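One structure is given here, and the rest of the page talks about it.
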There are 4 protein chains.
Amino acid sequence: MTVRIGVIGAGVMGADHVNTLHRYVPAAEVVLVADTDPARARAAADSVPGARTADDARAVIADPSVDAVIIASHDSTHADLAVAAVEAGKPVLCEKPLAPTVAECVRVVRAERAAGGGLISLGFMRRFDPGHVELREALGEGRCGNARLVHCVSRGVSAAPGAITEFSVTGSAIHEFDTVPWLLGSPVEAVSWHAPDGESAPGLRDPQLMLLHTADGVLTTVEVFLNARYGYEVRCEIVAERGALTLAAPAPRVVTDLAGTRSTGHPADWRPRFADAYRLELLAWTDAVAAGRPSPLATAYDGLTASVVAEAVIASMKDGGRTVPVTVPEL
Amino acid sequence: MTVRIGVIGAGVMGADHVNTLHRYVPAAEVVLVADTDPARARAAADSVPGARTADDARAVIADPSVDAVIIASHDSTHADLAVAAVEAGKPVLCEKPLAPTVAECVRVVRAERAAGGGLISLGFMRRFDPGHVELREALGEGRCGNARLVHCVSRGVSAAPGAITEFSVTGSAIHEFDTVPWLLGSPVEAVSWHAPDGESAPGLRDPQLMLLHTADGVLTTVEVFLNARYGYEVRCEIVAERGALTLAAPAPRVVTDLAGTRSTGHPADWRPRFADAYRLELLAWTDAVAAGRPSPLATAYDGLTASVVAEAVIASMKDGGRTVPVTVPEL
Amino acid sequence: MTVRIGVIGAGVMGADHVNTLHRYVPAAEVVLVADTDPARARAAADSVPGARTADDARAVIADPSVDAVIIASHDSTHADLAVAAVEAGKPVLCEKPLAPTVAECVRVVRAERAAGGGLISLGFMRRFDPGHVELREALGEGRCGNARLVHCVSRGVSAAPGAITEFSVTGSAIHEFDTVPWLLGSPVEAVSWHAPDGESAPGLRDPQLMLLHTADGVLTTVEVFLNARYGYEVRCEIVAERGALTLAAPAPRVVTDLAGTRSTGHPADWRPRFADAYRLELLAWTDAVAAGRPSPLATAYDGLTASVVAEAVIASMKDGGRTVPVTVPEL
Amino acid sequence: MTVRIGVIGAGVMGADHVNTLHRYVPAAEVVLVADTDPARARAAADSVPGARTADDARAVIADPSVDAVIIASHDSTHADLAVAAVEAGKPVLCEKPLAPTVAECVRVVRAERAAGGGLISLGFMRRFDPGHVELREALGEGRCGNARLVHCVSRGVSAAPGAITEFSVTGSAIHEFDTVPWLLGSPVEAVSWHAPDGESAPGLRDPQLMLLHTADGVLTTVEVFLNARYGYEVRCEIVAERGALTLAAPAPRVVTDLAGTRSTGHPADWRPRFADAYRLELLAWTDAVAAGRPSPLATAYDGLTASVVAEAVIASMKDGGRTVPVTVPEL
């Protein structure tokens, strides 16, 4: 069975999804691409024979030829669109974050529950990155005993224009706020925020360091450095009772020895690093929708808890780095 | 446009192709799977809704619902089936080798030319391995100057049952006989064969070492070790005038530090190593067939020249390791 | 000129120094080895022709044939012996820590100053580890800009018998309390202490994580894991404005590919890891003493400041991980 | 006991030995340094208090204050000086090669035997390189079974001025002609020579590839590339029945991530690469001389056999790469 998909938002991420679905996901058919900028929608849809465009996100959700929806528009629109999709009874894959505030996340989760649940998937694609999957399996197999510490590092070449200090938390570290509990099988209970002095750009304390305490007693360090300049790099090491498990640096494909150095490249941003993760995520989501099976992706509730952690980290940031408990609201 | 594909041979390689086409290649529809063993055909077809099975390879080629054919049956059947597909005017992707002897390869190439050419693609999947592709591009960009030496290593855990000395050449090194000229853009002109004393199994001199001289003056070493025990590993280093380009070991995804060692695994055979190469090869072939474009895969002529090199290497093997010139027959 | 050296303490570290001096340091002559256990003194001195033994540390310092003294006896004896050596006007190399408490360290520093200064060197051997030296030089060259974060990791196979939580700070992390300010050229101003729940042995919270803020605004993380089981490992990464500088894992000399893994060993403890550092440290100290030049090793004051940091970390440990300022006492 | 050493030849290698002996070898006292260029002798001797200079190599050997001699002068002088030292009854460490021709090597070995044997050591320092030592031990422990193939690579930044094709064999690959039989415990019995077309400098075919067959049936490849440009690098991999043992690249001490690459340096020449090997070799030789024990270094006979292999390789070079047997002359 083919799943007819409407994609809302044709920016970098939306256009990438359109291309991945069309080229690599047999059960997916992109039928509609919407963007507030019609030219951008047209550009993204161009490579897909038969795909139409729209400038109204609501029209995508309402369109009877659309079986399922991907939300890749501006963060501020996620909550309303996710609720609309849920109310239309359509499966929806929403890019992270679920919503910019915890209150809005709660609203979305409640709306989904009211509609019977199970419609919203969240685009925490690292859960489909083969390296992260192996890391979780290796921990689960218990060869190294229980986890004790986790060290996460996330560095990029340059921050998005206008990025401010909070964005490192809500836009970048939020990946770790989902990945770490998923790896450990244990929720975050308390956090604190730390940083060296100084900014890497006006209004941006960068790098930053966050400490997470999960319910299993494990301590996690999360470094986020948006303006690290030298390349894009994501690391994760789980230090356990009898050994350490480390996400290997992704395969450089060619090593050159030249001018006295042995060097291998880093990618310039997250897309080559996680191209496989996005492909496998979209494949898993489309197959689940086609088969009427529950989605194996992160849920709306996962999106809510990640946002709750983010707000606690920001509270610590604003209060001198003190330890702040993480409390998920009643639903 | 969808390409309806018939797969001949449902062994390890054929079943793998059926699965890859079905799961990862949107434009491909596997409609027919043939094997002399009906149960094996059934098993391979089972995961593809609507796919039929057959026990007669000719029936696949003749079937009007089959647009294109994949030949993954026993090596001894490749030539006859490829000729039959060509005569039926159908695009065909033939697993290596094109045929077990040079004489048969010549027959196939002539048949294809008589039919107008361009129908046969050969499954030298390394041309689609992202590492090999980058290696070729890096050489082409000229950062390191011209190639001077190439070192290839191909090791496996254990040889196929009954494998004899010649098989290391015709069944394994034949990949390098295609890859090296493709990397260098220069044909092999002379070869010699060398080996340590002794066999790794009855009738199997193993490991072996082959030297290839290409028309550009480059010298290549090819080590093949079928019973290397420790893992499957393919290496390639191009030593050039001002630096070296090396195929990096494929990404271990997780590194474990345990029991005093830092270790990362090798795959057990070639399939995980080249899973991406097979996927991208089948995608490129299907897209070309669907669009009526020339196939970007290796051609029948490439298959012929690789077999000519293999025969020269075996001639050297039987004549004390002397240098043997490589002569491609007139067509 | 030959420097006649008396070594106090013939345990693991003292015996190692005797051997290193004798075999690798031309200007050194070990003339006297003292230990409260005469057999241990005898064993250490045995390989050195002409070396005498003693059971009284004071006798070593007083001995007219001893030009310079090494203190490698129990931590609790360091302060008194260092003061005695200073009062005897003899150059002394004291193993870390200078003394178990800040108050005692102050007493030693004052005694040295009263004697004119410059007599005490402290055995923070990492300052002579070629990797640490290169790291410091590379940072100083400014290729990567200013440091922003430092990540230190120190893991061992198993803690000393009876080690308790504080020991991770005073006995292990104290190395980083010296190394980090030395690398950055900036003193530690504030610290905090963190840990996952649970102990790795009775009375030992392990692993631990410490945060250091230096006067230059840099934030440092120090992980200490005494019972890490898998091997001894010291890491240091300096994350700077335009790149990162990382202490490479020390050369595995042979890589084995066996049983499906690529593995290289970790040493079982710190001695092979820092054998070169100890040799170069003893060489530099002996040469300076022989030439009457100032010692290039860490000073008594460096030992004092490291102990002040350690006490601040322990204060944080006992106060829920709050940030504790570091104040060096007036002298 | 101190060994008073006279060093003949104060070029790069001789000056390096003077410095290493003085700084790192306690039992050694450099008393005399000779060179045909007095200024060069003076420069080398300058850092050693009390060392005298000479311009006559014979005077060094004859000097009653010289206990043992190091020959680091021009290759063409080695044989005569080694014979003179032997006739004076003095232990001598001769840099490789023992002599430029097999006939001269035979003369030296006979002279040494006539004098009772055991006086000449040969400076094949790789036998003291910790990596090579571990490689040999790991093979000897048998964890990977018997060796089947050995792959050696030796690359440099630039050839010595005026180096011609034969020099790659007699001046560089001669190290492997000693190392490989030492690693395997088996002599070389047959060789062949191969190369890509073209020269890297006038008169210099470069790179070159040599195949060695040892008596144990193992096949070895030796790549020598003098003008490799990118750095100095020595590799050795022993491929055995159940795994591979590989000389790891020597420890980069600091890794920098900068400008999008992860890079570690190669040394510019062999001296930093083998600094430890030279130090340990000189230490072992001096200690043996001091104690009157047999030298653990390579012998004059080892130097002869390496030269015999070199001549066989050159014979193959001049005869189209045919396989040439290696025959050690009767003594």
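The values are calculated or read from the model by the stated rules, or taken from the named source; none is laboratory data. All values derive from a computational prediction rather than experimental measurement. In this analysis, Cβ positions are derived from the backbone assuming ideal geometry, glycine residues included, and neighbour counts consider all displayed protein chains. These accessible areas exclude ligands, DNA and RNA; they are computed on the full protein's heavy atoms, side chains included. Shrake-Rupley method; radii C 1.70, N 1.55, O 1.52, S 1.80 Å.
Summary of values
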{"quantity": "The range D:95-125, residues that are surrounded by 19 or more Cβ atoms within 10 Å (Cβ to Cβ) and under 21 Å from residue D:293 (Cα atoms)", "calculated": "D:95, D:109, D:111, D:112, D:119, D:120, D:121, D:122, D:123, D:124, D:125"}
{"quantity": "Sole residue being within 16 Å of the chain's Cα centre (by Cα) and open to solvent by less than 30 Å² (accessible area, probe 1.4 Å), chosen from D:188, D:153", "calculated": "D:153"}
{"quantity": "Some residue of the range D:220-227 being over 27 Å from residue D:326 (Cα atoms), at pLDDT 90 or above and not aromatic (Phe, Trp, Tyr)", "calculated": "yes"}
{"quantity": "Qualifying residue in the range B:46-57 (condition: assigned to a loop (DSSP other than H, G, I, E, B), touching a Ser or Thr at 6+ places or on another chain (Cβ under 7 Å) and closer than 19 Å to residue B:278 by Cβ)", "calculated": "no"}
{"quantity": "Residue match in the range A:64-71 (condition: within 20 Å of the chain's Cα centre (by Cα) and within 29 Å of residue A:315 (Cα to Cα))", "calculated": "yes"}
{"quantity": "The range B:37-55 residues that are open to solvent by 70 Å² or more (accessible area, probe 1.4 Å), paired with ones that are of a type in the set (D, E, K, R) (beta carbon under 6 Å, 6 or more apart)", "calculated": "B:38/B:55"}
{"quantity": "Filtered residues of the range D:95-128 (kept if among the polar types (S, T, N, Q) and free of Cβ contacts under 8 Å to residues at least 24 places away in the same chain)", "calculated": "none"}
{"quantity": "Of all residues making up the range A:191-204, the number that are surrounded by fewer than 22 Cβ atoms within 10 Å (Cβ to Cβ) and within 22 Å of the chain's Cα centre (by Cα)", "calculated": "1"}
{"quantity": "Cross-chain or 6+ apart pairs with Cβ under 8 Å, the range C:192-207 first and within 11 Å of chain A (Cβ to nearest Cβ) and under 19 Å from residue A:150 (Cβ atoms), then open to solvent by 30 Å² or more (accessible area, probe 1.4 Å) and assigned to a loop (DSSP other than H, G, I, E, B)", "calculated": "C:192/C:322; C:192/C:323; C:200/A:241; C:205/C:198"}
{"quantity": "Criterion violated by residue B:74 - all others in (1) touching a residue at least 60 places away in the same chain (Cβ under 8 Å); (2) open to solvent by 70 Å² or more (accessible area, probe 1.4 Å); (3) more than 27 Å from residue B:174 (Cα to Cα) satisfied", "calculated": "(3)"}
{"quantity": "Tally, over the range C:137-182, of residues that are assigned to a strand (DSSP E or B) and among the charged types (D, E, K, R)", "calculated": "2"}
{"quantity": "The listed residue being in contact (Cβ under 8 Å) with a residue 60 or more places away in the chain, crowded, with 19+ Cβ neighbours inside 10 Å and more than 24 Å from residue B:185 (Cβ to Cβ), out of B:85, B:68", "calculated": "B:68"}
{"quantity": "Filter result for the condition that a residue is out of contact with any strand residue (DSSP E or B) (no Cβ under 8 Å at 6 or more places or on another chain) and modelled with pLDDT under 95, over C:203, C:162", "calculated": "C:162"}
{"quantity": "Candidate set: the range B:132-150, residues that are under 30 Å from residue D:240 (Cβ atoms) and open to solvent by 10 Å² or more (accessible area, probe 1.4 Å); chosen: the one nearest to the other protein chains (Cβ to nearest Cβ)", "calculated": "B:148"}
{"quantity": "Filtered residues of the range B:1-27 (kept if within 16 Å of residue B:61 (Cα to Cα) and open to solvent by 10 Å² or more (accessible area, probe 1.4 Å))", "calculated": "B:4"}
{"quantity": "Scope the range C:316-331; condition under 22 Å from the mean Cα position of the chain (by Cα) and surrounded by fewer than 21 Cβ atoms within 10 Å (Cβ to Cβ); matching residues", "calculated": "C:327, C:328, C:329"}
{"quantity": "Residues that are assigned to a loop (DSSP other than H, G, I, E, B), farther than 18 Å from residue D:49 by Cα and out of contact with any strand residue (DSSP E or B) (no Cβ under 7 Å at 6 or more places or on another chain), drawn from the range C:278-295", "calculated": "C:294"}
{"quantity": "Pair list, Cβ < 6 Å and 6+ apart or interchain, from the range C:286-309 residues that are over 24 Å from residue C:176 (Cα atoms) to residues that are among the β-branched types (Val, Ile, Thr)", "calculated": "C:286/C:3; C:286/C:25; C:289/C:3; C:290/C:3"}
{"quantity": "Residue among C:279, C:271 that is of a type outside the set (A, V, I, L, M, F, W, C), within 18 Å of the chain's Cα centre (by Cα) and modelled with pLDDT of 95 or more", "calculated": "C:279"}
{"quantity": "Filter result (buried (at least 24 other Cβ atoms within 10 Å of the Cβ) and of a type in the set (Val, Ile, Thr)) within the range B:156-179", "calculated": "B:169, B:179"}
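Matching residues to (1) at pLDDT 95 or above; (2) not in a strand (DSSP E or B):
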{"position": "B:79", "(1), (2)": "yes, yes"}
{"position": "B:83", "(1), (2)": "yes, yes"}
{"position": "B:89", "(1), (2)": "yes, yes"}
{"position": "B:93", "(1), (2)": "yes, no"}
{"position": "B:105", "(1), (2)": "yes, yes"}
{"position": "B:108", "(1), (2)": "yes, yes"}
{"position": "B:118", "(1), (2)": "no, yes"}
